[in-house]
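Asker: Below you will find the structure I want to go over with you.
The values are calculated or read from the model by the stated rules, or taken from the named source; none is laboratory data. Bear in mind the structure is a predicted one, so any value in this text is a computation, not a measurement. All Cβ positions, even for glycine, are placed from backbone atoms using ideal geometry, and neighbour counts span all protein chains on display.
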Amino acid sequence: MKALLEEEARALLNACRIGRLGCVDNGEPYVVPINYVFEDESIYSHSLPGQKIEALRANPRACLQVDEIENDFSWRSVIAFGDFEEIRTPGERRSILGKLLAHFPLLTPVESVMAQDASAPDTVVFRIRVGRITGVAEE
């Protein structure tokens with residue numbers, strides 16, 4: 001195994017589309033898959049209210065893990081660590097939801113409606129402001 005250079009780790013984070021969001025829920029680790037966009041040192045995503053949003057509101061420290069696996073002996077993995085922030089400004093919400101919809105044109109009909117209607121009160125738009133990125137590879 002070898003450590004990835006920071007630019008290699010950022011490139012993988014930028015190239016991937018689905019990651020596993022890690023947070024702390026009532027003192028326990030909680031990990032769920034999310035779709036996301038990485039831009040300007042932030043991971044952007046959206047969600048309906050639920051367990052992960054409640055956990056992130058209570059403890060904003062979070063991470064996102066992504067990987068690229070060719071086989072058991074050839075893979076790369078990255079973890080980005082940062083802080084959760086909800087995005088509440090209508091213009092910024094619209095912009096981010098537009099980027100997510102552009103990256104994920106095959107979202108389910110419910111998600112597409114959520115992404116098109118930035119004013120929908122149930123849609124939580126958020127970012128993880130990345131403070132540190134690490135990565136390893138087996139090649």
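Asker: Hey, among the residues in segment 21-67 that are among the hydroxyl-bearing types (Ser, Thr, Tyr) and under 16 Å from residue 122 (Cα atoms), which one's farthest from the chain's Cα centre (by Cα)?
Answerer: Out of the qualifying residues, it is 47.
Asker: So, in segment 1-54, exactly how many residues are farther than 29 Å from residue 74 by Cβ, assigned to a loop (DSSP other than H, G, I, E, B) and of a type outside the set (A, V, I, L, M, F, W, C)?
Answerer: Selection size over segment 1-54: 5.
Asker: When both residues are 6+ apart or on different chains and their Cβ atoms are under 6 Å apart, which pairs have a first residue that lies in segment 70-96 and is part of a strand (DSSP E or B), and a second that is among the β-branched types (Val, Ile, Thr) and modelled with pLDDT under 95?
Answerer: 75/69
Asker: Can you tell which of 61, 17 is surrounded by fewer than 17 Cβ atoms within 10 Å (Cβ to Cβ), closer than 20 Å to residue 101 by Cα and basic (Lys, Arg)?
Answerer: 17
Asker: Further question: Mind counting the residues in segment 15-46 that are more than 18 Å from residue 132 (Cα to Cα), among the hydroxyl-bearing types (Ser, Thr, Tyr) and out of contact with any Leu (no Cβ under 9 Å at 6 or more places or on another chain)?
Answerer: 0
Asker: Ok, one more. Being within 21 Å of residue 136 (Cβ to Cβ) and either small (Gly, Ala, Ser) or not in a strand (DSSP E or B) (or both) is the filter here, so list the residues in segment 55-69 that pass it.
Answerer: Listed by number, the list holds a single entry, 62.
Asker: Take residue 53 and decide whether it is modelled with pLDDT of 90 or more, out of contact with any His (no Cβ under 8 Å at 6 or more places or on another chain) and under 24 Å from residue 7 (Cβ atoms).
Answerer: No: the conditions fail for residue 53.
Asker: Report the residue count in segment 23-36 for those that are surrounded by 18 or more Cβ atoms within 10 Å (Cβ to Cβ) and out of contact with any Gly (no Cβ under 8 Å at 6 or more places or on another chain).
Answerer: Of the residues in that region, 1 qualify.
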